[in-house]
Amino acid sequence: MIITPAQPGDLSKLLAFREEAAAWLSELGSNQWSRPYPADRLLATIEAGTVFMVHDGDTTAATITLTPEAEAGLWTDEELNEPSIFVNKLTVARTHAGQNVGGRLLDWAGDRAYRASAKWLRLDAWTTNEGLQRYYIRQGFEHVRTIRDGGAVNGGPRVSGWLAQRATRPAHHGFIDHTPVPHRVVITR
């Protein structure tokens, strides 16, 4: 399997990929990702070079977004002063479920973050998706805290406020990496 940066031409594929994941989550009783993701926001992250795709031949097996910026209101100022990379939108195709593609992709992300001189690989997960939270714990993440309010524009409940982190480290993920060398994480606060 090969990891590459997503390209603007991948937009429709990635939107369909997310819809597939949302449908699967709905079957499990979760409302995670039930609102369509805005195409313009996804395109902006693709153009920023933060979206990556795992290809297994002609099939998209997984995708992940890695950014040096955290979503507002999640992490403390002290935490934000530690060099970190944030995982977003990790999605594995149902065709590749049960093959540890997600775990290997998290190892790749931790290795990439390590090479960018980040101390932490951090994420926020769906607050009510306990299965996903257990998955991240099994992948070596430590739960930091859960933030339940202040997520919506109107101050309503935060749907993705379960925070976790693990130290970055070199890893043998087994992917062929066709991504550019990561930029060093710089704290600009």
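Can you name every residue in segment 53-89 that is closer than 17 Å to Y114 by Cα and either touching a Cys at 6+ places or on another chain (Cβ under 7 Å) or of a type in the set (F, W, Y) (or both)?
Within segment 53-89, just F86 meets the criteria.
If we scan segment 80-89, do we find a residue that is in contact with a His (Cβ under 8 Å, 6 or more places away or on another chain) and either basic (K, R) or more than 20 Å from L14 (Cα to Cα) (or both)? Give the steps one after another, and end with the answer.
Our first condition is that a residue be in contact with a His (Cβ under 8 Å, 6 or more places away or on another chain); within segment 80-89, this holds for none.
Within segment 80-89 (the criterion being in contact with a His (Cβ under 8 Å, 6 or more places away or on another chain) and either basic (K, R) or more than 20 Å from L14 (Cα to Cα) (or both)), the answer is no, since none of the residues qualifies.
Are any residues in segment 111-149 basic (K, R), over 26 Å from E19 (Cα atoms) and either touching a His at 6+ places or on another chain (Cβ under 8 Å) or assigned to a loop (DSSP other than H, G, I, E, B) (or both), and if so, which ones?
The answer is K119, and nothing else.
Just one of L90, L121, L106 is at pLDDT below 95, under 11 Å from the mean Cα position of the chain (by Cα) and closer than 23 Å to I176 by Cα; which is it?
Just one listed residue meets the conditions, L90.
Within the group Q165, Q139, which residue is over 17 Å from A70 (Cβ atoms) and at pLDDT 90 or above?
Details: Q165 fails: over 17 Å from A70 (Cβ atoms).
After ruling out the rest, the residue left standing is Q139.
Scan segment 76-127 for residues that are over 25 Å from E27 (Cα atoms), buried (at least 23 other Cβ atoms within 10 Å of the Cβ) and β-branched (V, I, T) and jot them down.
Selection gives I85 alone.
Could you tell me which residue of segment 168-189 is farthest from I85 (Cα to Cα), considering only residues that are modelled with pLDDT of 95 or more and polar (S, T, N, Q)?
Per the stated criteria, the residue is T179.
The values are calculated or read from the model by the stated rules, or taken from the named source; none is laboratory data. Since the model is a prediction, treat every value here as computed from it, not as a measurement. Note: ideal-geometry Cβ built from the backbone for every residue, glycine included; neighbour counts use all protein chains shown.
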